[in-house]
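Student: Okay, handing you the structure first.
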Amino acid sequence: MIPISTVKLGREAEELVLQVIRSGTLAQGPMVKRLEDEFAALVGAEHAIAVNNGTTSLVASLQALGLEPGDEVITSPFTFVATLNAILEAGATARFADIAADDFCIDPASLDAATSERTRVVMPVHLYGQCADMRAIMPVASRVGAAVVEDAAQAHGATIDGRGAGTFGIGSFSFYATKNLTTGEGGMITTDDSALADRLRVLRNQGMRQRYQYEMAGHNYRMTDLQAALALPQLAEYPSALARRKANAETLNLGLAGIDGLVTPAELPGRSHMWHQYTVLIDDHAPVTRDEFVSTLTERGIGCGVYYPRPVYDYDCYRGHPGVVIEPMPVAESVARRCVSLPVHQHLSDADLDQIVATVRQVMKA
Ligand SMILES: *Cc1c(COP(=O)(O)O)cnc(C)c1O
């Protein structure tokens with residue numbers, strides 16, 4: 001089986017974890033600080049604040065903006081459920097703007113149409129490792145005076161026009177086990193705003209600046225040093241892992257070019273794609289349906305995933321939810337019916353890539 005994602009941590013991670021165990025500082029300590037500094041450098045942000053998972057990083061970012069009931073956050077309908085859950089947890093109302101079919105991210109024109117005087121936050125999702133069209137999204141957000149929170153959970157190190165994901169607004173990242181960089185569970189917030197960074201650090205630690213000096217109603221959002229230690233060697237190796245992901249995506253794009261009914265993904269001009277996922281679309285006129293494609297590939301040993309099978313609001317628990325505004329999202333609905341992600345990670349061998357291409361070609365009768 002060629003898995004859709006694999007975690008391989010080496011000797012350096014083992015040694016750093018041992019160092020933490022022997023130090024006696026298991027909770028947040030010097031390893032977390034190192035990870036924050038190195039991650040801020042990767043993203044190109046002034047500040048990075050580590051938290052216990054990616055969902056928390058979204059929730060804390062929204063909480064730090066002081067949202068009130070009735071305030072609206074506009075996000076993508078084509079995302080992991082954490083994006084929506086974070087908005088609801090922060091007590092705001094979620095509204096959606098449809099995506100574009102070329103980058104799978106919020107379409108600036110739909111965003112513009114979804115704004116109103118209730119819009120407080122615009123929350124693009126940099127899906128699959130490629131930035132949303134921030135060139136066009138930022139002007140819409142500033143026109144309505146909205147803050148920007150970027151769900152960059154899948155886009156560590158991605159850039160658009162040389163500028164890093166997570167530096168346009170408040171950046172939110174995940175280190176969940178399947179992400180490009182992982183601590184098992186973990187998250188990170190990035191910002192250039194020193195006052196906001198300070199607020200987030202206090203919020204993360206029970207609203208406490210010094211012991212028993214509470215400044216706000218906070219929470220325990222802290223990451224542990226054991227987890228931070230896992231990510232440090234991965235950061236050092238990230239450039240070579242990314243080069244492999246990029247090369248793998250190019251190999252797949254070449255091998256899968258010209259198949260009738262299959263659309264390959266593209267790195268769009270000015271954007272640097274981190275290839276968290278390599279996602280193709282199976283058109284309605286293809287010889288197999290998307291679901292047949294997935295089950296046949298799985299039978300033949302190619303791990304694949306459907307991210308995501310439905311728009312995020314399309315579940316009973318959100319349909320009647322007072323905090324969720326649901327409108328037709330034709331592009332997201334169509335893409336959710338057609339998408340499937342193939343393995344692209346840095347641990348694939350040339351033989352794996354050949355097998356993926358050959359199997360997809362067989363299944364598509366190409
Ligand atoms: C993974 C992910 C999250 C949530 O991160 P966790 O660390 O799993 O809480 C949020 N948004 C998107 C788009 C994600 O892929």
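Student: Which number in (1) over 30 Å from residue 21 (Cα atoms); (2) touching a residue at least 24 places away in the same chain (Cβ under 8 Å); (3) touching a helix residue (DSSP H, G or I) at 6+ places or on another chain (Cβ under 6 Å) marks the one condition that residue 264 misses?
Tutor: Tallying (1) over 30 Å from residue 21 (Cα atoms); (2) touching a residue at least 24 places away in the same chain (Cβ under 8 Å); (3) touching a helix residue (DSSP H, G or I) at 6+ places or on another chain (Cβ under 6 Å), residue 264 fails exactly one: (2).
Student: Is one or more of the residues making up region 348-366 at pLDDT 95 or above, within 19 Å of residue 107 (Cα to Cα), part of a loop (DSSP other than H, G, I, E, B) and out of contact with any Asp or Glu (no Cβ under 9 Å at 6 or more places or on another chain)?
Tutor: The answer is no; no qualifying residue exists.
Student: (1) over 23 Å from the mean Cα position of the chain (by Cα); (2) at pLDDT 95 or above: which one isn't true of residue 210, the others all being true?
Tutor: (2)
Student: May I pose another question? Surrounded by 22 or more Cβ atoms within 10 Å (Cβ to Cβ) and out of contact with any helix residue (DSSP H, G or I) (no Cβ under 6 Å at 6 or more places or on another chain): which single residue out of 343, 287 fits that description?
Tutor: 343
Student: Residues in region 84-114 that are within 26 Å of residue 264 (Cα to Cα) and either open to solvent by less than 10 Å² (accessible area, probe 1.4 Å) or of a type outside the set (D, E, K, R) (or both): how many?
Tutor: Within region 84-114, residues that are within 26 Å of residue 264 (Cα to Cα) and either open to solvent by less than 10 Å² (accessible area, probe 1.4 Å) or of a type outside the set (D, E, K, R) (or both) number 13.
Student: Taking only pairs six or more apart or across chains, which ones have beta-carbon atoms under 7 Å, a first residue in region 1-16 that is in contact (Cβ under 8 Å) with a residue 24 or more places away in the chain and closer than 29 Å to residue 341 by Cβ, and a second residue that is open to solvent by 40 Å² or more (accessible area, probe 1.4 Å) and of a type in the set (Ser, Thr, Tyr)?
Tutor: 5/178
Student: Could you tell me which numbered condition residue 80 fails, if it satisfies all but one of (1) out of contact with any Phe, Trp or Tyr (no Cβ under 8 Å at 6 or more places or on another chain); (2) within 16 Å of residue 335 (Cα to Cα); (3) surrounded by fewer than 23 Cβ atoms within 10 Å (Cβ to Cβ); (4) among the hydrophobic types (A, V, I, L, M, F, W, C)?
Tutor: For residue 80, the exception is condition (1).
Student: Output the qualifying pairs, or none if there are none: Cβ atoms under 8 angstrom, residues six or more apart or on different chains, first residue in region 180-198 and at pLDDT below 95, second residue β-branched (Val, Ile, Thr) and within 12 Å of the ligand (Cβ to nearest atom).
Tutor: If the second residue must be β-branched (Val, Ile, Thr) and within 12 Å of the ligand (Cβ to nearest atom), no pairs are left.
Student: Follow-up. I want to confirm something. Restricting to region 51-67 and keeping residues that are in contact with a Lys or Arg (Cβ under 8 Å, 6 or more places away or on another chain) and more than 10 Å from the ligand (Cβ to nearest atom), which single residue is nearest to residue 113 (Cα to Cα)?
Tutor: 67
Student: Name the single residue that is nearest to residue 339 (Cα to Cα) among those in region 98-117 being within 16 Å of the ligand (Cβ to nearest atom) and free of Cβ contacts under 8 Å to residues at least 40 places away in the same chain.
Tutor: Applying the filter and picking the extreme gives 105.
Student: If you don't mind, there's one more thing I want to ask. If you take the residues of region 224-260 that are among the charged types (D, E, K, R), within 23 Å of residue 276 (Cα to Cα) and touching a residue at least 60 places away in the same chain (Cβ under 8 Å), which of them is surrounded by the most Cβ atoms within 10 Å (Cβ to Cβ)?
Tutor: Ranking the qualifying residues of region 224-260, first place goes to 245.
Student: On the basis of being of a type in the set (Gly, Ala, Ser) and either assigned to a helix (DSSP H, G or I) or surrounded by 14 or more Cβ atoms within 10 Å (Cβ to Cβ) (or both), does residue 41 make the cut?
Tutor: yes
Student: Test residue 197 against the stated conditions and say whether it is within 27 Å of residue 14 (Cα to Cα), of a type in the set (Gly, Ala, Ser) and more than 15 Å from the ligand (Cβ to nearest atom).
Tutor: When the stated conditions are applied, residue 197 does not pass them.
Student: Still on this structure, please answer the following. Exactly one condition in (1) at pLDDT below 95; (2) surrounded by 14 or more Cβ atoms within 10 Å (Cβ to Cβ) is not met by residue 320; state its number.
Tutor: The one condition residue 320 does not meet is (2).
Student: Any idea which of 221, 176 is open to solvent by 70 Å² or more (accessible area, probe 1.4 Å) and either of a type outside the set (A, V, I, L, M) or more than 16 Å from the ligand (Cβ to nearest atom) (or both)?
Tutor: Exactly one of 221, 176 is open to solvent by 70 Å² or more (accessible area, probe 1.4 Å) and either of a type outside the set (A, V, I, L, M) or more than 16 Å from the ligand (Cβ to nearest atom) (or both), namely 176.
The values are calculated or read from the model by the stated rules, or taken from the named source; none is laboratory data. Keep in mind the model is a prediction, meaning the values are calculated, not measured. Every residue, glycine as well, gets a Cβ built from its backbone with ideal geometry; the counts of neighbours run over all protein chains shown. Quick note on the areas: whole protein, heavy atoms, side chains included, nothing else; ligands and nucleic acids left out. Shrake-Rupley method; radii C 1.70, N 1.55, O 1.52, S 1.80 Å.
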